[in-house]
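Before any comments, here is the structure.
Read the figures in this text as sums done on the coordinates, not as results from a lab. What you see is a predicted model, and the numbers here were worked out from it, not measured in a lab. Glycine also receives a Cβ, built like all others from the backbone with ideal geometry; neighbour counts cover every protein chain displayed.
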Amino acid sequence: MSRNNANAEMNRETSLLHAGYRHDPATKAVSVPIYQSTAYELDGDLEKIADIYNVRQDGFTYSRIINPTTRILEKRFAAVEGASDALAVASGQSATFLAIANLCSGRPGDNVVASKYLYGNTWNLLFNTFKRLGIEARSADPRDVTSFERMLDDRTIAMFGETFSNPCLVPLPVPALVEIGARRGIPVIVDNTTTPLICRPKALGADISTYSATKYLCGHGTTLGGLIVDNGSFPFDDAGRFPLFNDGDEAHGDILWKEAVLKLGDLGASPYLLKSRMTWLRDTGAAISPFASFQLIQGLETLHLRMQRHCENAVAVAEFLNAHPKVARVSYPSLSSGYERELVDELVDARVGYGAMIMFELGDEAAGRRFITNIELMYHVSNVGDARTLVTHPVSTTHTTVPKEKREAAGIFDGSIRLCVGIENIDDIVADLQRGLDAV
Ligand SMILES: *Cc1c(COP(=O)(O)O)cnc(C)c1O
């Protein structure tokens, strides 16, 4: 195994600890240093410096665009995913924004066909904010894959969805979308935030994945961050659909991205992410701080252990709730049946588990309120992916302003409770659930 580990083939658990970094070249520090520096001295040959700015050579210029600590996070996560490269940004929202904006042509007509089951802020980004910028979002139903294909046209720049939607856990038919995308020349982007290691976007054929690293990758509810991952499968060679990948891009001196990457080492692995970094990230300033990157690297080290424990606990909780007389219905991937179960089995690596998110139904809004006000251990917060167990009653929190019809269409009812099962001792989690249910 090579000592810098950059290209060595490792298993994922090992990559999480070793990929992309051995020790700091100056001090031999084993832990990744926080390069808390905005700029990098432009010493030496001026031509070499110009080459770095002109994307003819790898190098560090300014931390809004590239930073050594962040670069290690990116290389490490790309290795874990078996991807070409990754780009780290300030948050999950900025990852989704840049992943899609980077595909637009800038001419009227660009559109994205997206699952209607999305994290609320993502839904708003697509269906309101992008619309104001001239990118139309079209809503499709992951339970009917033909609804995606019907809405595609020659200006569709991506199909988008969450592998398991937050909060309702609707599985995305990724292999079927990938088949349609390959036939129609459209990339498939999946937000895999809630199922890292559980679902493998690359193995499923997804071209690009996004993550809110804020959640499980961080793992402790301390740090915002996002990752865009290029699995390297999409060619971007349709000049009508993707002119900025096939003609000179005036946002960077008329550069042709697919030729630029040929001159680069490390940064040449992905034309899609190079373009995103050198234009969209540079211009929007959605940069992650080096300290946040350090925190996320720490989180990655224990990701596989945490995911395994999250999943073990979640199965036990799902079974407890499913057998409880006061619980009307439980949604959890391993409890699904029929067509949905077949899809779940295609999407997940059952050796890791079925995820940590559970939705369950109590009779009505009053029951939901009684439950949420009587628990003691679990945290009532709208976050997901903390090591602690988190619980939300969407109707009295995240969804108070959403009209009843709209939220019920999205699968959120008066008595819906969303759980994000943590890594505590299972008996303590179940005892707290029982305490809440006793009050219902
Ligand atoms: C939290 C979340 C996001 C947004 O991520 P931030 O890091 O909070 O910006 C996007 N998608 C999903 C599925 C999420 O759970």
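Taking a straight Cα-Cα cut-off under 17 Å and skipping sequence neighbours fewer than 8 places away in the same chain, the lysines within cross-link reach of Lys202 are Lys75.
Computed over the chain with a Gaussian network model linking Cα atoms closer than 10 Å, the most mobile of Ser337, Ser416, Ser165 is Ser337.
Using a cut-off of 12 Å between beta-carbons, work out the net charge of the residues near Arg150 (Lys and Arg +1, Asp and Glu -1, Arg150 not included). Each step should come with its number before you reach the end.
On the way: positive: Arg138, Arg184; negative: Asp141, Asp144, Glu149, Asp153.
Within the 12 Å Cβ shell, the charges total -2.
What does the charge count around Val261 come to, taking other residues whose C-beta lies under 12 Å from its C-beta (Lys +1, Arg +1, Asp -1, Glu -1)?
Numbers: positive: Arg56, Lys258, Lys263, Lys275, Arg277; negative: Asp58, Asp85, Asp230, Glu259, Asp266.
In short, 0.
Helix 68-81 sits at what angle to the longest principal axis of the chain, using alpha carbons and giving 0 to 90 degrees rounded to 10? Tilt relative to the chain: about 60 degrees.
Per-residue ellipticity at 222 nm from helix content only, as computed over the chain with -39500 (n - 2.57) for each DSSP H run of at least four residues, stands at -9500 deg cm²/dmol. A crude spin-label estimate for the pair Asp238 and Ala26, with each label 7 Å from Cα along the Cβ direction, gives 4.8 nm. Taking only alpha carbon atoms, segment 1-91 gives an Rg to Rh ratio of 0.99, where Rh is the Kirkwood radius. Full extension of the segment from Gln57 to Glu179, taken as 0.36 nm per residue of separation minus the current Cα-Cα distance, would add 40.3 nm. Modelled spin-label separation between Glu424 and Ala350, with each label point placed 7 Å from Cα along the Cα-to-Cβ direction: 3.0 nm. With K and R counted +1 and D and E -1, the other residues having a Cβ less than 15 Å from that of Pro325 yield a net charge of -1. For segment 298-381, the square roots a ≥ b ≥ c of the C-alpha gyration tensor eigenvalues yield an a/c of 1.5 or more together with a/b not exceeding b/c, which makes the shape oblate. Straight-line reach from Lys275: taking Cα to Cα under 15 Å and skipping same-chain neighbours fewer than 8 places apart, the aspartates and glutamates in range are Asp58, Asp85, Asp230, Asp237, Asp247, Asp249, Glu250, Asp254, Glu259, Asp266, Asp283. For Lys404, a cut-off of 18 angstrom between C-alpha atoms picks up these lysines, skipping any fewer than 8 places away in its own chain: Lys116. Each 20 Å bin from zero holds the following percent of Cα-Cα pairs in the chain: 26, 56, 18, 1.
May I ask which residue of Tyr216, Leu197, Pro175 lies farthest towards the positive end of the charge dipole of segment 124-233, with charges of +1 (Lys, Arg) and -1 (Asp, Glu) on Cβ and the Cα centre as origin? Of the listed residues, the answer is Tyr216.
At R0 = 30 Å, how high is the FRET efficiency between Asp438 and Ser382 if r is their beta carbon distance? Nearest 0.05 is fine. The partial results should precede the final answer.
Values: r = 24 Å, r/R0 = 0.81.
For R0 = 30 Å, the calculated efficiency reads 0.80.
Past the 21 Å Cα-Cα mark, which pairs from Lys131/Lys215; Lys326/Lys406; Lys215/Lys258; Lys48/Lys263; Lys131/Lys406? Result: Lys131/Lys215; Lys326/Lys406; Lys215/Lys258 exceed 21 Å.
Largest mean-square fluctuation among Glu361, Glu13, Glu408, in a Gaussian network model of the chain whose springs join Cα atoms under 10 Å apart, belongs to Glu408. Computed from the C-beta positions of Glu319 and Lys263, the FRET efficiency with R₀ = 45 Å rounds to 0.20. Computed over the chain with a Gaussian network model linking Cα atoms closer than 10 Å, the most mobile of Lys275, Lys48, Lys202 is Lys48. Using R0 = 30 Å, the C-beta based FRET efficiency linking Leu42 and Asp247 works out to 0.45.
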